Amino acid sequence: MHRIARCVLVGIVAIALWPAPSAGAPQAALARPISLALLMAAPGRSDLSWSFMHWLGAEQARRTGQVSDLRVVVSTPATALSDMTLVVRDGQFDLIYVASFSTYGTALRDLANRFPDRQYAISDIRPQFGDADPGNRAVLGLLYQQEQPSAMAGALAAALALHYDCPSVGIVLGREIPVLHEFEMGYKWGVDWAIRRLSETNPDLVRNKRLARAARKDRVLWTYTGAFNDPARGREATEAQVRQGACVVYQVAGATGLGVLGYMDDHHRTRNVPIGQPPFAIGVDTVQEWVSPHVVGSALKRADEAVLLAVRLVREGRFREVVQRDRSLWLNFGNRGTWFSDAQLVREWVRRAVEIGALDGAKGTEVLANYGRLREPQPRWVWELVDGLRRLIEQGRVDIPRPFGDPQRWPIERLRETYG
């Protein structure tokens with residue numbers, strides 16, 4: 001477990017490593033610090049992904065003086081209503097930020113209607129209120145185009161599977177909810193895009209490869225584990241996919257995904273498979289290259305940016321104006337609210353962590369050495385393919401399925417008929 005402990009240490013200081021947010025007014029124009037309550041699902045920030053990223057944003061706001069009073073609440077579904085009721089009734093918080101709609105969604109609808117004078121924000125869901133509901137004026141949704149980094153994850157997985165001639169790639173998810181449909185379909189689309197792209201530009205890389213010969217619907221093994229806090233389920237699903245030939249597995253399962261990464265570590269160790277050889281994992285939400293030396297990339301959802309954005313809107317006195325006008329705001333590649341990790345970003349994290357004394361030089365050198373050992377055996381065309389897709393996404397030149405963002409255009413049932 002020393003790998004995870006190291007990740008927590010580095011992650012705690014990562015709040016100082018992200019680029020400064022670009023949205024909002026200059027610091028000098030901001031009002032007094034505010035009080036913030038951050039409500040997260042168990043196990044909280046130790047999931048090292050979704051909750052962790054929300055905590056990073058809240059902690060950065062506190063460290064930079066935007067928040068003077070920060071309360072972090074971690075709940076289970078059984079305690080969510082009582083926990084949130086205590087926070088709302090307290091009346092001392094300028095902003096109540098909900099990081100898990102599956103845990104707090106029902107409580108939020110009830111409490112926002114009963115206490116519409118409070119200001120609430122929630123990630124990953126459009127606020128569900130009627131026009132006449134009091135809560136309709138009080139809740140801001142922060143949404144993410146997670147299909148964008150997921151498509152890059154799919155392209156990377158497909159490229160590596162083609163290079164190593166694997167018959168399939170995999171994705172392990174948490175509960176089946178609309179937001180995760182977008183991870184699923186972005187990934188499947190990215191796999192298909194990579195094969196089509198290479199077939200046109202460099203057919204020798206695709207010819208006679210098992211992944212390319214497989215039917216489109218059979219290329220991606222996908223498993224919904226039904227949980228976001230059960231590493232054992234993530235491990236079991238990953239083992240099953242690897243046994244079926246998946247040489248890359250994308251984890252989209254919160255703390256359950258730690259089982260995906262743990263399985264990869266154990267697989268390499270027990271079989272004496274060196275770093276840089278499959279199977280590989282792809283991380284989610286934050287830069288999970290820290291957690292395992294077999295994480296070849298991470299699809300980033302900048303929940304830290306969402307928290308910081310909501311804090312700024314409250315401080316500037318614009319929160320209710322934005323709620324009234326927009327109801328929800330989208331984060332994507334255009335505003336760096338979603339992104340995909342690369343070598344430059346990983347190196348920057350290590351360099352700055354060493355500079356501020358959060359990571360000793362020897363350990364930082366080890367992390368980078370392992371990351372170099374991971375990337376070096378992979379052919380250059382793999383990284384060029386993935387980077388090419390990133391540019392196309394930024395330029396708006398690809399149409400990635402959005403079953404959460406636009407479910408009428410992209411119904412999940414029809415997409416599965418095409419992509420599996």
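The values are calculated or read from the model by the stated rules, or taken from the named source; none is laboratory data. Keep in mind it's a predicted model, so treat the numbers as computed, not measured. Please note: Cβ atoms are built from the backbone with ideal geometry, for glycine as well, and neighbour counts cover all protein chains shown.
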Exercise. Yes or no: Asn370 outside the structural domain of Leu156 (by TED's automatic domain parsing) and in contact with a Pro (Cβ under 8 Å, 6 or more places away or on another chain)?
Worked result: yes
Exercise. Before we move on, is Ala232 of a type outside the set (Phe, Trp, Tyr), outside any strand (DSSP E or B) and either within 24 Å of Ala41 (Cα to Cα) or touching a His at 6+ places or on another chain (Cβ under 8 Å) (or both)?
Worked result: yes
For this session: State whether the residues of segment 344-365 include one that is closer than 21 Å to Pro274 by Cβ, surrounded by 15 or more Cβ atoms within 10 Å (Cβ to Cβ) and outside the structural domain of Trp193 (by TED's automatic domain parsing).
Result: yes
Exercise. Among the residues of segment 309-320, is any part of a helix (DSSP H, G or I), modelled with pLDDT of 95 or more, touching a Phe, Trp or Tyr at 6+ places or on another chain (Cβ under 8 Å) and not β-branched (Val, Ile, Thr)?
Worked result: yes
For this session: Could you check Ser292 against (1) within 19 Å of Pro43 (Cβ to Cβ); (2) assigned to a helix (DSSP H, G or I) and say which number it fails?
Result: (2)
Seminar exercise, completed: Of Gly105, Gly130, the only residue that is without any contact (Cβ under 8 Å) to a residue 40 or more places away in the chain and either part of a helix (DSSP H, G or I) or among the β-branched types (Val, Ile, Thr) (or both) is Gly105
For this session: Could you tell me which residue of segment 25-59 is nearest to Ile122 (Cα to Cα), considering only residues that are in a helix (DSSP H, G or I) and at pLDDT 90 or above?
Result: His54
Exercise. Are there any pairs with C-beta distances below 9 angstrom linking a residue in segment 388-399 that is more than 15 Å from Leu156 (Cα to Cα) to a residue that is of a type in the set (Asp, Glu) and outside any helix (DSSP H, G or I), with the two at least 6 apart or on different chains, and if so which?
Worked result: none
For this session: Among the candidates Trp410, Trp381, single out the residue that is under 22 Å from the mean Cα position of the chain (by Cα) and touching a residue at least 60 places away in the same chain (Cβ under 8 Å).
Result: Trp410
For this session: Might you check whether a residue that is among the hydrophobic types (A, V, I, L, M, F, W, C), closer than 20 Å to Ala42 by Cα and surrounded by 24 or more Cβ atoms within 10 Å (Cβ to Cβ) occurs anywhere in segment 160-177?
Result: yes
Exercise. Going by the structure shown, is Gly334 surrounded by fewer than 17 Cβ atoms within 10 Å (Cβ to Cβ), assigned to a helix (DSSP H, G or I) and within 19 Å of the chain's Cα centre (by Cα)?
Worked result: yes
Exercise. Looking only at segment 69-85, which residues are over 14 Å from Leu38 (Cβ atoms) and either surrounded by 21 or more Cβ atoms within 10 Å (Cβ to Cβ) or over 22 Å from the mean Cα position of the chain (by Cα) (or both)?
Worked result: Ala78, Thr79, Leu81, Ser82, Thr85
Exercise. Among Arg219, Arg197, which is touching a strand residue (DSSP E or B) at 6+ places or on another chain (Cβ under 9 Å), among the charged types (D, E, K, R) and within 24 Å of Asp387 (Cβ to Cβ)?
Worked result: Arg219
